[in-house]
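A.B. asks: Questions regarding the structure given below will be posed in turn.
The values are calculated or read from the model by the stated rules, or taken from the named source; none is laboratory data. These numbers come from a predicted model, not from an experiment. Note: ideal-geometry Cβ built from the backbone for every residue, glycine included; neighbour counts use all protein chains shown. All accessible areas refer to the heavy atoms of the entire protein, side chains included, with ligands and DNA or RNA removed. Shrake-Rupley method; radii C 1.70, N 1.55, O 1.52, S 1.80 Å.
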Amino acid sequence: ELNLPNRYYSYEQKGWKFIALDSINGENGYQLDDAQFDWLSSEISTDKPTLIYSHVPILSMGALLYTTQRKPLAEVRFPSGDMHNDHQRLKDLFAKNGNVRICLSGHVHYIDATEYLGVKYLCNGAMSGNWWGEPLHLDEFPPVFTILDLFDDGSSSQEYFFYDTNI
């Protein structure tokens, strides 16, 4: 529908490599299938700083808190459910490569910033945070959009802009 080149793909722009992943693809929860993982392994072999984006967070504290807001702790089988099941495998791949600088995600509509082994894992909230008719104010996250600045040296910064949907 969106005329994307594939369910996962990459491109380069202004000195950065961008990689889009399909994190919702199979019956084993949120994870990459073997073909996509092999493709990703070859794609991150670059000398450019790399930003990876996926719908589901690869590594996220917000995913844990989102789940425990909705289920009794005894039922929570973290990290599965609202985060990549293959987060350890991906974290190891990124650490081995060294060029992955940012992993962007959404899914839980929380703002969550974790830096681990030189990679920023950013879940940047959602403009459509209340599209289902019940805002995430109970979870402390009103609708928001984020401006992410990427710099030539591989560093980045982000700024959040909250807005009132009642305007």
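A.B. asks: Conditions first: (1) at pLDDT below 80; (2) of a type in the set (A, V, I, L, M, F, W, C); (3) out of contact with any Ser or Thr (no Cβ under 7 Å at 6 or more places or on another chain). Residue 78 passes all but one, so which condition is the exception?
C.D. replies: It is condition (3) that residue 78 fails.
A.B. asks: For residues that are among the charged types (D, E, K, R) and open to solvent by less than 60 Å² (accessible area, probe 1.4 Å), scanning just region 21-34, find the one that is nearest to residue 105 (Cα to Cα).
C.D. replies: 22
A.B. asks: Let me ask something additional. Which residues, counting only those in region 47-62, are open to solvent by 10 Å² or more (accessible area, probe 1.4 Å) and closer than 16 Å to residue 8 by Cβ?
C.D. replies: Within region 47-62, 53, 54, 55 qualify.
A.B. asks: For region 55-108, which positions are over 20 Å from residue 32 (Cβ atoms) and of a type in the set (S, T, N, Q)?
C.D. replies: Scanning region 55-108 gives 67, 68, 69.
A.B. asks: Could you check region 62-86 and list, in sequence order, the residues that are touching a Phe, Trp or Tyr at 6+ places or on another chain (Cβ under 9 Å) and within 30 Å of residue 149 (Cβ to Cβ)?
C.D. replies: Of all residues in region 62-86, those touching a Phe, Trp or Tyr at 6+ places or on another chain (Cβ under 9 Å) come to 62-68, 80-86.
Those that are touching a Phe, Trp or Tyr at 6+ places or on another chain (Cβ under 9 Å) and within 30 Å of residue 149 (Cβ to Cβ): 62, 63, 64, 65, 66, 82, 83, 84, 86.
A.B. asks: Something else: Return a yes/no flag: does region 13-36 have any residue that is hydrophobic (A, V, I, L, M, F, W, C), free of Cβ contacts under 8 Å to residues at least 12 places away in the same chain and within 16 Å of residue 86 (Cβ to Cβ). It would help to see each step written out before you state the result.
C.D. replies: First pass over region 13-36, keeping only residues hydrophobic (A, V, I, L, M, F, W, C): 16, 18-21, 24, 32, 35.
Then drop every residue that is not free of Cβ contacts under 8 Å to residues at least 12 places away in the same chain, which leaves 35.
In the following step, the residues that additionally are within 16 Å of residue 86 (Cβ to Cβ) were identified as 35.
Looking for residues that are hydrophobic (A, V, I, L, M, F, W, C), free of Cβ contacts under 8 Å to residues at least 12 places away in the same chain and within 16 Å of residue 86 (Cβ to Cβ), one finds at least one in region 13-36, hence yes.
A.B. asks: Whether any residue in region 107-116 is among the charged types (D, E, K, R), under 11 Å from the mean Cα position of the chain (by Cα) and modelled with pLDDT under 90 is what I want to check. Give the steps one after another, and end with the answer.
C.D. replies: Taking region 107-116 as the starting set, the residues that turn out to be among the charged types (D, E, K, R) are 112, 115.
Remaining after also requiring under 11 Å from the mean Cα position of the chain (by Cα): 112.
Within this subset, residues satisfying the condition of being modelled with pLDDT under 90 are 112.
Within region 107-116 (the criterion being among the charged types (D, E, K, R), under 11 Å from the mean Cα position of the chain (by Cα) and modelled with pLDDT under 90), the answer is yes, since at least one residue qualifies.
A.B. asks: Taking the options 37, 18, name whichever one is farther than 13 Å from residue 90 by Cβ and open to solvent by 20 Å² or more (accessible area, probe 1.4 Å). Let's see the steps before the verdict.
C.D. replies: Values: 37 fails: farther than 13 Å from residue 90 by Cβ.
The conditions single out 18.
A.B. asks: Can you tell me which of (1) out of contact with any helix residue (DSSP H, G or I) (no Cβ under 7 Å at 6 or more places or on another chain); (2) open to solvent by less than 20 Å² (accessible area, probe 1.4 Å); (3) not acidic (Asp, Glu) is the one residue 123 doesn't meet?
C.D. replies: (1)
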